[in-house]
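Engineer: Take a look at this one; I'll ask things after.
The values are calculated or read from the model by the stated rules, or taken from the named source; none is laboratory data. All values reported here derive from a predicted model rather than from experimental measurement. Here Cβ is always computed from backbone atoms with ideal geometry, including for glycine, and neighbour counts include all displayed protein chains. Areas reflect the complete protein model, heavy atoms only, side chains present, ligands, DNA and RNA absent. Shrake-Rupley method; radii C 1.70, N 1.55, O 1.52, S 1.80 Å.
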Amino acid sequence: MNKSKGTNTQQDFSTGKVWQRIAAQAIPLTIAQLVQLLYNIVDRIYIGHLPEVGSLALTGVGITFPITTLILAFANLFGTGGAPLFSIERGARNKEKAREIMGNVFTMILVTSVVLTVLCYVFRVPLLYLFGASDATILYAESYLSIYLFGILFSMIVTGMNGFISALGFPRTAMWTTVIGAVLNLILDPIFIFGFSLGVRGAALATIISQCVSAIWVMRFLIAGCRDLSLRPPYMKPDYRIVRQVLGLGISGFMQQATNCLVQIICNVTLQTYGGDLYVGIMTIINSVREIASLPVMGLSSGGQPVLGFNYGAKQPQRVKDGIRFMALTGVLYTALIWLVIELFPTAFIRIFTSDAQTIEAGIRATRIYFFGFIFMSLQFIGQSTFVGLGKAKRAVFFSILRKVIIVLPLTLLLPRLAGLGTDGVFMAEPISNLLGGLACFITMYLTLYRKL
């Protein structure tokens, strides 16, 4: 094995202990995802503590989540579809095909980012009202989104292309992609929000500047940092077969985020009906806590995908099975621990985003309901990431749709009307879907894939 750590070589995942390979990928990726999450989390923290208008401003920014999630969905469509295919071809030593996959993904990101920027900007106000904005919160939502949209290209490059750096075997470099941007965002946020008195507009401006710097870092590495598998214009010409492969596999990641977008819309609208702006703001906080709490499992599953895909392409089935077992055990243990912490100390998490007494009081009960049974969420992540990592697109897509569309959406609409549950019914939909969807996905993966390797 070539043990050089320079940027002109790539790691061979078919040697060494599988769990160490996955951990070596997952830890930097988790840190990178945590730092990337800070782009939005730091914005929410500062905005939630704005004098006098903090609660309304936080709710307004929360209304924009479906749109920002949809943008992330398209980035995942290309990134999570291209990176596993790239890993499989690299494991099979097909460098020419690997270059073509990366080039086609970059082209799709460029085209899609332009289309999304234009469409979302033109229809931003009616979309925000459709997604649950009120006359009291539309000002903050529109002020944030109208600036944020001009950073779509940078956001999609960071999310969609950074996975290729990890797939090449450089998770630390991928981690620095988001560390650099997030640290810059952390510095710029208070300057723009409070120093220049720009409020939510300052938060959006700080975010797109930071994402621009991160995007430059990604492109610099993919173009100049890895010579034998670098991003080059000749490989960016669209190839229908490759595009179809990428979309076929990436549709799972897309559906996961797109259905998250749909669920956010339905939740916001339902909460607006039964609880008003207060509960839309609470859901904004809960979503923020969930994003933080689920990061290690997401990092684990993302870090495991290139390792599983490489060994699958290299015809090493036992190593694939060892990797799945490690991911499952680690994911279950972690989610059990974080579930206990959140159930015992919900107030500590809520106070990160607001000091409003009414929001804290109502948020404690909502948080405990929402996170009940959080352990089953890890089964969904592990099962689905295994399907994606091994190129089993149809199964991954099915379980994305099952949990969010078939289970969560009907429950979100029906439970508030049953036995006067109201807003409690909206928050109950999540743990029920984690239980049913998580078990179904993991058991199917075990019976139809793991046992046949």
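Engineer: Where in the range 20-131 are the helices (runs of 4 or more DSSP H), entirely inside, with at least 3 residues that are farther than 29 Å from VAL289 by Cα and open to solvent by less than 20 Å² (accessible area, probe 1.4 Å)? Spell out how you get there, then give the answer.
Structural biologist: Working: elements: 54-63, 65-91, 95-122, 124-130.
Counting at least 3 such residues, we get 65-91, 95-122.
Engineer: Kindly provide the set of residues from the range 405-427 that are touching a residue at least 40 places away in the same chain (Cβ under 8 Å) and either open to solvent by 60 Å² or more (accessible area, probe 1.4 Å) or among the β-branched types (Val, Ile, Thr) (or both), ordered by number.
Structural biologist: VAL405, VAL408, THR412, LEU413, THR423, VAL426 - these are the residues of the range 405-427 that are touching a residue at least 40 places away in the same chain (Cβ under 8 Å) and either open to solvent by 60 Å² or more (accessible area, probe 1.4 Å) or among the β-branched types (Val, Ile, Thr) (or both).
Engineer: Report, by residue number, each residue of the range 289-325 that is polar (S, T, N, Q) and under 23 Å from the mean Cα position of the chain (by Cα). Full working, then the answer.
Structural biologist: To start, the set of residues in the range 289-325 that are polar (S, T, N, Q) comprises 294, 301-302, 305, 311, 316, 318.
If the condition is that a residue be polar (S, T, N, Q) and under 23 Å from the mean Cα position of the chain (by Cα), then SER294, SER301, SER302, GLN305 are the ones that fit.
Engineer: Test each condition in (1) of a type outside the set (D, E, K, R); (2) surrounded by 19 or more Cβ atoms within 10 Å (Cβ to Cβ); (3) in a helix (DSSP H, G or I) for ILE209 and report the one that comes out false.
Structural biologist: Of (1) of a type outside the set (D, E, K, R); (2) surrounded by 19 or more Cβ atoms within 10 Å (Cβ to Cβ); (3) in a helix (DSSP H, G or I), only one is false for ILE209: (2).
Residues are listed down the side, and each one gets a yes or a no for (1) open to solvent by 40 Å² or more (accessible area, probe 1.4 Å); (2) touching a Gly at 6+ places or on another chain (Cβ under 7 Å); (3) not in a helix (DSSP H, G or I):
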position	(1), (2), (3)
ALA362	no, no, no
ARG365	yes, no, no
ARG403	no, yes, no
LEU447	yes, no, no
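Engineer: Looking only at residues that are part of a helix (DSSP H, G or I) and of a type in the set (A, V, I, L, M) in the range 298-319, which one is nearest to LYS452 (Cα to Cα)?
Structural biologist: In this case the residue turns out to be LEU308.
Engineer: Considering only the range 320-360, how many residues are part of a helix (DSSP H, G or I), among the hydrophobic types (A, V, I, L, M, F, W, C) and closer than 16 Å to ASN287 by Cβ?
Structural biologist: Restricting attention to the range 320-360, the residues satisfying the condition of being part of a helix (DSSP H, G or I) are 320-344, 346-350, 357-360.
Then keep just the ones that are among the hydrophobic types (A, V, I, L, M, F, W, C); that gives 320, 324, 326-329, 332-333, 336-342, 344, 348-350, 357, 360.
Narrowing the set further to residues that are closer than 16 Å to ASN287 by Cβ leaves 338, 342, 349-350.
The number of residues fulfilling the criteria is 4.
Engineer: Can I ask one more? Is it the case that PRO171 is more than 24 Å from PRO28 (Cβ to Cβ) and in contact (Cβ under 8 Å) with a residue 60 or more places away in the chain? It would help to see each step written out before you state the result.
Structural biologist: On the way: more than 24 Å from PRO28 (Cβ to Cβ): no; in contact (Cβ under 8 Å) with a residue 60 or more places away in the chain: yes.
Judged against the criteria, PRO171 is not a match.
Yes/no matrix, rows are residues, columns are (1) of a type in the set (Ser, Thr, Tyr); (2) at pLDDT 90 or above:
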| site | (1), (2) |
| --- | --- |
| SER252 | yes, no |
| GLN257 | no, no |
| CYS261 | no, no |
| VAL280 | no, yes |
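Engineer: Write out, first by first residue and then by second, each pair whose Cβ atoms fall under 8 Å of each other, whose residues are 6+ apart or on separate chains, and whose first residue, in the range 124-153, is under 21 Å from VAL263 (Cβ atoms) while the second is open to solvent by less than 50 Å² (accessible area, probe 1.4 Å) and of a type in the set (D, E, K, R).
Structural biologist: Listed by first residue and then by second, the contacts come to ARG124/GLU142; LEU128/GLU142; SER134/ASP277; THR137/ASP277; LEU145/ARG124.
Engineer: Also, quick follow-up: Go through (1) surrounded by fewer than 20 Cβ atoms within 10 Å (Cβ to Cβ); (2) among the aliphatic types (A, V, I, L, M); (3) within 21 Å of the chain's Cα centre (by Cα); (4) over 21 Å from LEU262 (Cα atoms) one by one and return the number of the condition ALA440 breaks.
Structural biologist: (3)
For (1) surrounded by fewer than 24 Cβ atoms within 10 Å (Cβ to Cβ); (2) of a type in the set (A, V, I, L, M); (3) modelled with pLDDT of 95 or more, each residue gets a yes or a no:
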| residue | (1), (2), (3) |
| --- | --- |
| LEU300 | no, yes, no |
| GLN305 | no, no, no |
| ALA314 | yes, yes, no |
| ILE342 | yes, yes, yes |
| ASP356 | yes, no, no |
| ILE369 | yes, yes, yes |
| ILE375 | yes, yes, no |
| LEU379 | no, yes, no |
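Engineer: List the pairs whose first member sits in the range 381-393 and is farther than 20 Å from TYR334 by Cβ and aromatic (Phe, Trp, Tyr), whose second member is part of a helix (DSSP H, G or I) and open to solvent by less than 20 Å² (accessible area, probe 1.4 Å), and whose Cβ atoms are under 6 Å apart, counting only residues at least 6 apart or on separate chains?
Structural biologist: Note: pairs meeting the criteria are PHE387/ALA396.
Engineer: Against the condition surrounded by fewer than 20 Cβ atoms within 10 Å (Cβ to Cβ) and free of Cβ contacts under 8 Å to residues at least 24 places away in the same chain, how does ARG241 come out, does it pass?
Structural biologist: Working: surrounded by fewer than 20 Cβ atoms within 10 Å (Cβ to Cβ): yes; free of Cβ contacts under 8 Å to residues at least 24 places away in the same chain: yes.
It is true that ARG241 is surrounded by fewer than 20 Cβ atoms within 10 Å (Cβ to Cβ) and free of Cβ contacts under 8 Å to residues at least 24 places away in the same chain.
Engineer: Now for a separate question. Using beta carbons and a limit of 7 Å, which pairs, at least six apart or on different chains, have the first residue in the range 329-357 and more than 14 Å from LEU300 (Cβ to Cβ) and the second one open to solvent by 50 Å² or more (accessible area, probe 1.4 Å) and assigned to a loop (DSSP other than H, G, I, E, B)?
Structural biologist: Taking only residues 6 or more apart or on different chains, the pairs are SER355/HIS49.
Engineer: Which residue, of TYR274, TYR279, is crowded, with 21+ Cβ neighbours inside 10 Å and closer than 24 Å to THR412 by Cα? So that I can check it myself, show each step before the final result.
Structural biologist: Values: TYR274 fails: crowded, with 21+ Cβ neighbours inside 10 Å.
Only one candidate passes the filter, namely TYR279.
Engineer: Considering only residues that are hydrophobic (A, V, I, L, M, F, W, C) and either farther than 22 Å from ASP43 by Cβ or surrounded by fewer than 20 Cβ atoms within 10 Å (Cβ to Cβ) (or both), which ones fall in the range 344-354?
Structural biologist: To start, the set of residues in the range 344-354 that are hydrophobic (A, V, I, L, M, F, W, C) comprises 344-345, 348-350, 352-353.
LEU344, PHE345, ALA348, ILE352, listed by residue number.
Engineer: Ok, one more. When only residues in the range 244-254 that are among the aliphatic types (A, V, I, L, M) and surrounded by fewer than 24 Cβ atoms within 10 Å (Cβ to Cβ) count, which is farthest from GLU89 (Cα to Cα)?
Structural biologist: The initial filter retains those residues of the range 244-254 that are among the aliphatic types (A, V, I, L, M), namely 246-247, 249, 251.
Filter once more, keeping what is surrounded by fewer than 24 Cβ atoms within 10 Å (Cβ to Cβ): 247, 251.
On the way: LEU247: 16, ILE251: 19 Å.
Across the range 244-254, the extreme among qualifying residues is ILE251.
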